[in-house]
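Chemist: Have a look at this one before I ask anything.
The values are calculated or read from the model by the stated rules, or taken from the named source; none is laboratory data. No experiment lies behind these values; they were computed from the predicted model shown. Backbone-built Cβ (ideal geometry, glycine too); neighbour counts: all protein chains shown. Only protein heavy atoms, including side chains, enter the accessible area calculation; ligands, DNA and RNA are left aside. Shrake-Rupley method; radii C 1.70, N 1.55, O 1.52, S 1.80 Å.
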Amino acid sequence: MVNDSDESSLMPSWLVVYIKGICMGAADAVPGVSGGTIALIVGIYERLITAVTAITPRRIRAILSAPHPHYRESALAALRTIDIWFLIALGAGILSAIITITRIVHAGIVSYPAITFGFFFGLIAASAWVLRQPLTIDTPAFIVSGQAATALGQSLPVTILAGAVAVSAMILPGISGSLLLVILGQYEYMTGTLSMFVDASVAVLTGGSFAPVIETGTVVVAFVSGAVFGLFSIAHAVRWALERYYEATFAFLVALIVGALRAPVVRVGTRLSSDAGTGWTPSTTALFITAALVGVFVVLLLERAAGIGDVDMRI
C-alpha cells in the first residue's frame, strides 16, 4: 500500500490525493475495473469509506450554517469530520479522469466496437472470477442484468437511478460503477452524452450556441443528482447489507457481474449490424477474443497487486 504521508515530502499531499483520484476515475470509467480496487491499491480505501459515511444530513446542516458566526465552529468541525479537502482533491482527480477516459471509450465504441466491447468482456469476466463465490447464474440477478438494458430505455428518471446505483460501487472493491451502468443499459448513452456536453461547453467559449449545453447538461445534472442521492442512500444500504447479510449480498453482486457478460456480446452484434451491416465474422470474433484476453490480463494484474480475491468486504 502507498502511504500519503510517505509521499508528502516529495509533493503536496493534495496533489498526491488528486493523482490517486485520477487513477480511481480512470478505473471507474471502464466497465469491469473498480475504483474501489484502485483505492485499495493506492492505500486510501479506508479513508475514503470513513469520509463518505461521515457525510450525514446533520453535518450538512452544520456546514450550511457556516455564514452565521455562532455556528461557524461547528461547521468547521463538520468539514474536518468528513475530511473535506481529501474528498475535494480526490473528487477533482476522479472527475478529470472520467471526462478524459469516457471520451476515448466512446470513440472506441463507435469506431472499434469489437475491440472495445471485447476488452469490456474480458474485464467483466475476470472480475467475476476474482470475486467468485458458490452461486448459480440462473438467479434473479442474472436475469435482471440481462434484461435491464432493453427494459429501461433512456429518460431523466432512469438517468437519476443510474447515477444513484453507480455511485454505490465506490465502496465496493471489485464492483465497477461503469459495469452497473452497462447492466442498466446506460453506459454508452452516458459516455456519449458526457462527451457531447464537454464539446458543447467548449464551443460556447468560442461563440457557439448555448442550446446543446442545456440539452446535454440536463442529463449530466440528472446523473449527478442521482449520484448525490445514492451517496446518502444506496451506498449506505449496500454497506448495511454487507455488514448483516454478507454472503447473500455478495452473491447477488457477483451474479450481476456474471449477467453483465451478455451486454458486450449483444452490443457488438448490434453495432456491427447497424453500422456495417455485416454481423459477426471470423475476424471480428478473433478481435473480440483477443481484446477480452487483454482485459482479463489487466484485472488479474490488479488482483495480484491488491489481493482483491482475499479481501473480506465486511465493512
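Chemist: If Val299 passes every condition in (1) at pLDDT 70 or above; (2) over 28 Å from Ser195 (Cα atoms); (3) buried (at least 19 other Cβ atoms within 10 Å of the Cβ) but one, which one does it miss?
Modeler: It fails just one condition, (2).
Chemist: Moving on. Residue by residue through the stretch 82-97, note down the ones that are farther than 10 Å from Gly21 by Cβ and either free of Cβ contacts under 8 Å to residues at least 12 places away in the same chain or assigned to a helix (DSSP H, G or I) (or both). Walk me through it before giving the result.
Modeler: We begin by selecting, within the stretch 82-97, every residue farther than 10 Å from Gly21 by Cβ; these are 82-85.
Correct list: Ile84, Trp85.
Chemist: Before we move on, is Ile109 surrounded by fewer than 22 Cβ atoms within 10 Å (Cβ to Cβ), modelled with pLDDT of 85 or more and either in contact with a helix residue (DSSP H, G or I) (Cβ under 7 Å, 6 or more places away or on another chain) or not hydroxyl-bearing (Ser, Thr, Tyr) (or both)? Talk me through it step by step, then tell me what you get.
Modeler: On the way: surrounded by fewer than 22 Cβ atoms within 10 Å (Cβ to Cβ): yes; modelled with pLDDT of 85 or more: no; either in contact with a helix residue (DSSP H, G or I) (Cβ under 7 Å, 6 or more places away or on another chain) or not hydroxyl-bearing (Ser, Thr, Tyr) (or both): yes.
No: the conditions fail for Ile109.
Chemist: Determine whether Thr37 is surrounded by fewer than 15 Cβ atoms within 10 Å (Cβ to Cβ) and not charged (D, E, K, R). Let's see the steps before the verdict.
Modeler: Details: surrounded by fewer than 15 Cβ atoms within 10 Å (Cβ to Cβ): no; not charged (D, E, K, R): yes.
So Thr37 does not fit the description; no.
Chemist: Please go through the stretch 258-276 and give me each residue that is modelled with pLDDT under 70 and either among the hydrophobic types (A, V, I, L, M, F, W, C) or surrounded by 16 or more Cβ atoms within 10 Å (Cβ to Cβ) (or both), ordered by number.
Modeler: Kept after step one, since they are modelled with pLDDT under 70, are these residues of the stretch 258-276: 259-260, 275-276.
Of everything in the stretch 258-276, those that are modelled with pLDDT under 70 and either among the hydrophobic types (A, V, I, L, M, F, W, C) or surrounded by 16 or more Cβ atoms within 10 Å (Cβ to Cβ) (or both) turn out to be Gly259, Ala260, Ala276.
Chemist: Pick from the stretch 187-234 the residues that are within 15 Å of the chain's Cα centre (by Cα) and aliphatic (A, V, I, L, M): which of them is modelled with the lowest pLDDT?
Modeler: That would be Ile234.
Chemist: Starting from residues that are modelled with pLDDT of 85 or more and touching a Leu at 6+ places or on another chain (Cβ under 9 Å), keep the ones in the stretch 52-62 and report whichever is least open to solvent (accessible area, probe 1.4 Å).
Modeler: Ala62
Chemist: Confirm whether Gln154 is exposed (fewer than 15 other Cβ atoms within 10 Å of the Cβ), at pLDDT below 85 and assigned to a helix (DSSP H, G or I).
Modeler: Numbers: exposed (fewer than 15 other Cβ atoms within 10 Å of the Cβ): yes; at pLDDT below 85: yes; assigned to a helix (DSSP H, G or I): no.
No.
Chemist: Same structure again: If you check Phe250, Phe229, which single one turns out to be of a type in the set (Phe, Trp, Tyr), part of a helix (DSSP H, G or I), surrounded by fewer than 19 Cβ atoms within 10 Å (Cβ to Cβ) and in contact (Cβ under 8 Å) with a residue 60 or more places away in the chain?
Modeler: Values: Phe250 fails: surrounded by fewer than 19 Cβ atoms within 10 Å (Cβ to Cβ).
None of the others qualify; the one that does is Phe229.
Chemist: Oh, and also: Condition check: crowded, with 22+ Cβ neighbours inside 10 Å, modelled with pLDDT of 80 or more and of a type outside the set (Phe, Trp, Tyr). Does Ala78 satisfy that? First the steps, then the outcome.
Modeler: Working: crowded, with 22+ Cβ neighbours inside 10 Å: yes; modelled with pLDDT of 80 or more: yes; of a type outside the set (Phe, Trp, Tyr): yes.
Taking the combined requirement at face value, the residue satisfies it.
Chemist: I would also like to ask the following. From the residues in the stretch 9-34 that are under 21 Å from Gly192 (Cα atoms) and open to solvent by 10 Å² or more (accessible area, probe 1.4 Å), which one is modelled with the lowest pLDDT? Spell out how you get there, then give the answer.
Modeler: Filtering the stretch 9-34 for residues under 21 Å from Gly192 (Cα atoms) gives 22, 24-34.
Retained after the next criterion (residues that are open to solvent by 10 Å² or more (accessible area, probe 1.4 Å)): 22, 26, 28, 30, 33.
On the way: Ile22: 90, Ala26: 85, Asp28: 81, Val30: 81, Val33: 70.
Only one residue fits best here, namely Val33.
Chemist: Would you mind finding the one in Trp240, Trp280 that is in a loop (DSSP other than H, G, I, E, B) and modelled with pLDDT of 75 or more?
Modeler: Details: Trp240 fails: in a loop (DSSP other than H, G, I, E, B).
Sole residue among the options that is in a loop (DSSP other than H, G, I, E, B) and modelled with pLDDT of 75 or more: Trp280.
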